[in-house]
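**Q** There's a structure below that I have some questions on.
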Amino acid sequence: MMRALKALSISLLGSLRDLAPIILVIGFFQLVVLQQPVPDLLGLLTGIVFVLFGLTFFIYGLEMGLFPIGESMAHAFAKKGSVVWLLVFAFALGFGTTVAEPALIAVAAESARIAAEGGMISNNEASMKNYALGLRLTVAFSVGFAILIGVLRILKGWPIHYLIIAGYLGVVIMTTMAPKSIIGIAYDSGGVTTSTITVPLVTALGVGLASSIKGRNPMVDGFGLIAFASLTPIIFVMAYGMII
């Protein structure tokens with residue numbers, strides 16, 4: 001119990017240290033540059049406290065639960081020796097964590113609203129829901145595919161830079177072909193996938209898998225899955241825009 005409280009207090013101090021620069025920047029521009037009083041100071045302070053404790057519990061939960069389970073499952077699949085099931089798990093992990101990503105849900109809903117107002121789709125609730133769902137599934141499928149390719153890279157020992165270069169060449173080519181209205185959404189979709197849910201589990205999977213395979217260096221081979229998770233949604237969403 002005491003050990004858990006000590007670890008939690010360390011996480012709390014770390015969260016406070018991480019939030020301090022943001023608070024200082026906002027306070028400086030509000031009071032020194034704009035020279036205006038802080039509106040609803042009590043509400044602002046209450047919100048900062050909630051953010052502080054929320055960030056603390058979130059990080060502590062990652063360290064206590066998600067990172068260990070991701071690494072342990074990677075070790076278990078490596079020992080089992082079933083490449084097919086490992087690839088299925090990698091795809092399912094990427095798809096499942098992304099489709100539930102709050103940032104992606106928000107971006108998809110806003111994209112659907114703007115598309116309806118711009119006349120790209122019918123301006124009704126059913127069309128907007130279908131558009132948003134299609135966008136979410138497209139991004140989730142692309143991330144699942146990306147994690148699958150990343151796991152294959154770790155298993156085969158492929159150099160990561162060749163895959164990244166080929167991927168961005170694909171992005172450049174797709175950008176010249178895709179409708180202008182989807183390009184910005186596609187690039188933003190690559191960013192929202194690397195958020196609160198996806199990153200911890202995918203990183204733990206890569207590090208755990210590289211640690212379990214003889215001849216692989218966790219520092220060299222264990223990282224890079226997130227790069228694929230950011231890259232492939234751009235291509236897939238532009239393809240989605242061309243299809244619809």
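The values are calculated or read from the model by the stated rules, or taken from the named source; none is laboratory data. The shown structure was predicted, so the numbers you read here are calculated from the model rather than taken from an experiment. Glycine gets a Cβ as well: all are built from the backbone with ideal geometry, and neighbour counts include every protein chain shown. For accessibility, only protein heavy atoms count, side chains too; no ligands or nucleic acids. Shrake-Rupley method; radii C 1.70, N 1.55, O 1.52, S 1.80 Å.
**Q** I need the full set of residues from the range 156-214 which are under 20 Å from the mean Cα position of the chain (by Cα), of a type in the set (A, V, I, L, M) and over 12 Å from residue 234 (Cβ atoms), in order please.
**A** Residues satisfying the conditions are 160, 163, 164, 197, 199, 201, 202, 204, 205, 207, 209.
**Q** Let me ask something additional. Within the range 42-52, does at least one residue satisfy the condition of being assigned to a helix (DSSP H, G or I), closer than 23 Å to residue 200 by Cα and open to solvent by 100 Å² or more (accessible area, probe 1.4 Å)?
**A** The answer is yes, given that some residue of the range 42-52 is assigned to a helix (DSSP H, G or I), closer than 23 Å to residue 200 by Cα and open to solvent by 100 Å² or more (accessible area, probe 1.4 Å).
**Q** Among the numbered criteria (1) surrounded by 13 or more Cβ atoms within 10 Å (Cβ to Cβ); (2) under 14 Å from residue 198 (Cα atoms), which single criterion is violated by residue 102?
**A** (1)
**Q** Can you name every one of the helices (runs of 4 or more DSSP H) wholly within the range 126-244 that holds 1 or more residues which are within 27 Å of residue 58 (Cα to Cα) and open to solvent by 10 Å² or more (accessible area, probe 1.4 Å)? Even if it seems obvious, please write down each step before you answer.
**A** Details: elements: 160-177, 180-192, 198-212, 218-221, 225-243.
Output list reads 180-192, 198-212, 218-221, 225-243.
**Q** Which ones in the range 169-186 are at pLDDT 90 or above and hydroxyl-bearing (Ser, Thr, Tyr)?
**A** Those that are at pLDDT 90 or above and hydroxyl-bearing (Ser, Thr, Tyr): 175, 176.
**Q** Just one of 117, 71 is of a type in the set (Asp, Glu), closer than 26 Å to residue 230 by Cα and either modelled with pLDDT under 85 or open to solvent by 30 Å² or more (accessible area, probe 1.4 Å) (or both); which is it?
**A** On the way: 117 fails: closer than 26 Å to residue 230 by Cα.
None of the other options fit; the residue is 71.
**Q** Quick check: anything in the range 200-208 among the hydroxyl-bearing types (Ser, Thr, Tyr) and under 19 Å from residue 87 (Cα atoms)? If you could, list the steps in order and put the result at the bottom.
**A** Narrowing the range 200-208 to residues among the hydroxyl-bearing types (Ser, Thr, Tyr): 203.
Filter once more, so that each one left must be under 19 Å from residue 87 (Cα atoms): 203.
For the range 200-208, residues among the hydroxyl-bearing types (Ser, Thr, Tyr) and under 19 Å from residue 87 (Cα atoms): present.
Every residue, every condition in (1) of a type outside the set (D, E, K, R); (2) within 16 Å of residue 184 (Cα to Cα); (3) touching a Phe, Trp or Tyr at 6+ places or on another chain (Cβ under 8 Å), yes or no:
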| site | (1), (2), (3) |
| --- | --- |
| 109 | yes, yes, no |
| 115 | yes, yes, yes |
| 127 | yes, no, no |
| 143 | yes, no, yes |
| 147 | yes, no, yes |
| 154 | yes, no, no |
| 157 | yes, no, no |
| 160 | yes, no, no |
| 167 | yes, no, yes |
